[in-house]
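One structure below.
What follows is calculated from the coordinates using simple rules that are stated; it is not laboratory data. Values in this document were obtained by computation on a predicted structure and should not be read as measured data. Glycine gets a Cβ as well: all are built from the backbone with ideal geometry, and neighbour counts include every protein chain shown.
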Amino acid sequence: MVTEPHPYPGKLIIVEGIDGSGKSTQLALLYRWLVSQGHKVFFTEWNSSVLVRRSMKRGKKKDLLTPTTFSLLHAVDFADRLTYKILPPLKAGMIVLADRFVYTAFSRDAARGVHPGWVRAVYRFAPRPDLALYFRVPIEVALERILSGRAKLKYHEAGMDLGLSRDPVESFRLFQSRVLELYDAQVREFDLKAVDATGDINSQQLLVRRMVRRVLRDYHGTVADVAAALSEAQ
Amino acid sequence: MHGEDKAFYGHGLPYLKVGRLAGSLIVIEGTDSVGRSTQIEQLVPWLEVQGYAVTKTGWTRSPLLSETINEAKAGHELTVTTFSLLYAADFADRLENEIIPALRAGFIVVADRYMYTAFARNAVMGVDREWTRELFGPALVPDLVLYLKIDVDSLVPRVLEGKGMDYWESGMHLAMGSDIFESFRRYQTRLIREYNRLAREFQFTSVDARHPVEQIQGLLRQHISSYLDRSKRPHLPPVTPVERKVVDG
């Protein structure tokens, strides 16, 4: 249940934020640090399972997806990764880092127009993360970062399927503003930890590591590590 | 026209301007191999002869997902959760791209299985009932659900004479034993029990599916005719006060 702490010995740390918020950069730096500390870390990202890859591609290419099927396909992806990628390392006592989690669906799918209560019900089977970081950035900053990198905005990320504007930049602005509002509303609802993502990368990362350190205070390593430590103590 | 005033089962599709749905949504439900598709094959031309435009829609047949579902079933990599979500996605795709447009155009949509199939299967697999139902919140409530009702003993010979017992319809994925015959009986017994429960809850129109094919077809036609008559009856204008006075005389 996404509203209750999970019972597993591992730790689940996730990042959220719109495209261009810098969340993936921060997660990559966090990964490096955790591994350097000797932790066993597993990384997974949104919409990466092979199970629905074909349907997703087909639907996106032919513009077959409706807000509801878009939402459900992502839920299939999530459920599949949860079973095969997220839960096993959590049960083994590893640290799982997830780039985007259910809160992406709660903001993005609701911004597309599905019922917010419905999408929350769909994801009811998800575990609650030990730490959910929300990288908060104004639209214009995100846009600038994206446009200075790869020149084109992604079709669905810009909400082009909604027909808000023919201009991808304007569409992104309109769609992601709605997404931002819905993210902001979840800070209280799900206790997301908001990080000011306009600041420089290094200070953000130091702040993130401070928060992660707090979460790891009651973490004792993998099940194997704990068993080894126990047998050594005897 | 026929079935007006459609309702959504749950939260519906808030972003969609559904508009007036003049057509009728008729669902044929029933367990595996009970003869749904044979009956539908005969119902369609019968309706067309009467001048109704008809379109069919079938479980897991959406262009978006049918391949994915078949592949995943072949690889046995699905959990009950991904299974349920895939079915819901397939359903939503057909609902928005086939069913609603056809209803809007005034067609009779004949659905081979509907959300009740997911309700029944998931209940047998031990999936949270409430969750399953919420997944289908976007669904339209059908105008008529015809339920082909059968008992497991009558079902067994029909399956064996037909395509035989398959892995999924025998519930082998539930690991209720390695004997496919016993597993089939156990799984279908539970499934039929769930369907019967749903038939009461959602007021299906039940048809005894132990009868010969032609007889079942006759019964289905009777039910459909009486539904169409009921829904075709012109809405009488309300009696005005003046007329009432006259009547009261």
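Computed across the protein assembly as shown, the Kirkwood radius stands at 25.3 Å (inverse of mean 1/r, all Cα pairs). Note on the protein assembly as shown: helix-only mean residue ellipticity at 222 nm, from DSSP H runs of 4+ residues weighted -39500 (n - 2.57) and normalised by residue number, equals -15500 deg cm²/dmol.
Sparse packing (at most 16 other Cβ atoms within 10 Å of the Cβ) combined with a DSSP loop state is found for the following trypsin sites (Lys or Arg not before Pro) in region A:141-218: A:R150, A:K152, A:K154, A:R166. Model label sites at B:F8 and B:Q203, defined 7 Å from Cα along the beta-carbon direction, differ in position by 2.2 nm. Helices of chain B meeting both criteria, an alpha-carbon length of 18 angstrom or more along the long axis and an average Kyte-Doolittle score not below 0.0, with helices taken as full DSSP H segments, are B:80-94. Say R0 is 51 Å: what FRET efficiency, to the nearest 0.05, do B:T38 and A:D218 get from their beta-carbon distance? For B:T38 and A:D218, the calculated efficiency is 0.25. Which residue fluctuates most in the GNM of chain A (Cα springs below 10 Å): A:G163, A:G93, A:G22? Greatest mean-square fluctuation among the candidates belongs to A:G163.
Mean partner shielding of peptide A:46-52, defined as the number of other chain Cβ atoms within 10 Å of each residue Cβ, is 3. Panel values: chain A, Kirkwood radius from alpha carbon pairs, Stokes-Einstein at 10 °C and 1.306 mPa s, translational diffusion coefficient 85 µm²/s. Taking the DSSP beta bridges with both ends in the protein assembly as shown, the antiparallel portion is around 5 percent.
Mean separation of Cα pairs under 8 Å and 6 or more residues apart, divided by the residue count, gives region B:24-248 a relative contact order of 27 percent.
Compute the longest continuous run of chain B that contains no exposed trypsin sites (Lys or Arg not before Pro); treat a site as exposed when its DSSP state is not H, G, I, E or B and it has at most 16 other Cβ atoms within 10 Å. It works out to B:62-162. Secondary structure note: in chain B, about 5% of the DSSP beta bridges are antiparallel. Computed on region B:24-248, the Cα convex hull volume stands at 160 Å³ per residue. Between B:A22 and B:A53, residue separation times 0.36 nm minus the direct Cα-Cα distance comes to 10.0 nm.
Candidates A:L27, A:W118, A:L65 compared by Cα position along the dipole of chain A: farthest toward the positive end lies A:L65, with charges placed on Cβ. Modelled this way, with points 7 Å down the Cα-to-C-beta line, the labels at A:V226 and B:E214 are 7.0 nm from one another.
Panel values: region B:141-237, Kirkwood radius from alpha carbon pairs, Stokes-Einstein at 20 °C and 1.002 mPa s, translational diffusion coefficient 138 µm²/s.
Specify the angular offset, from 0 to 90 degrees and rounded to the nearest 10, of the alpha carbon long axis of helix A:67-81 from the longest principal axis of the alpha carbons in chain A. Roughly 20 degrees, rounded to the nearest 10. May I ask for the angle, rounded to the nearest 10°, between helix A:168-189 and the longest principal axis of chain A, with both axes built from Cα atoms and the value confined to 0 to 90°? Here the helix axis deviates by roughly 40 degrees.
Fewest neighbouring Cβ atoms within 10 Å first, the residues A:L27, A:L206, B:L198, B:L95 line up as A:L206, B:L198, A:L27, B:L95. Note on B:V141/A:A233: beta-carbon distance plugged into 1/(1 + (r/R0)^6) with R0 of 56 Å gives a FRET efficiency of 0.35. When restricted to Cα atoms, region A:61-148 yields an Rg and a Dmax of 15.1, 42 Å, respectively. Over region A:12-216, calculate the relative contact order: mean separation of alpha carbon pairs under 8 Å at least 6 apart, over the residue count, as a percent. Relative contact order for region A:12-216 comes out at 31 percent. Backbone N atoms of region A:1-28 closer than 12 Å to the 7 Å Cα→Cβ label point of A:D167 are not found in any residue. Computed from label points 7 Å out along Cα-Cβ, the spacing between B:A105 and A:W33 is 5.8 nm.
Amide H to amide H distances under 5 Å link A:G17 with A:F135, where only residues 5 or more positions off or on other chains count and H is placed in the peptide plane. Within a straight-line Cα-Cα reach of under 28 Å, B:K73 can be paired with the following lysines, leaving aside sequence neighbours fewer than 8 residues apart in one chain: A:K57, A:K60, A:K61, A:K62, A:K85, A:K91, B:K56, B:K149, B:K163.
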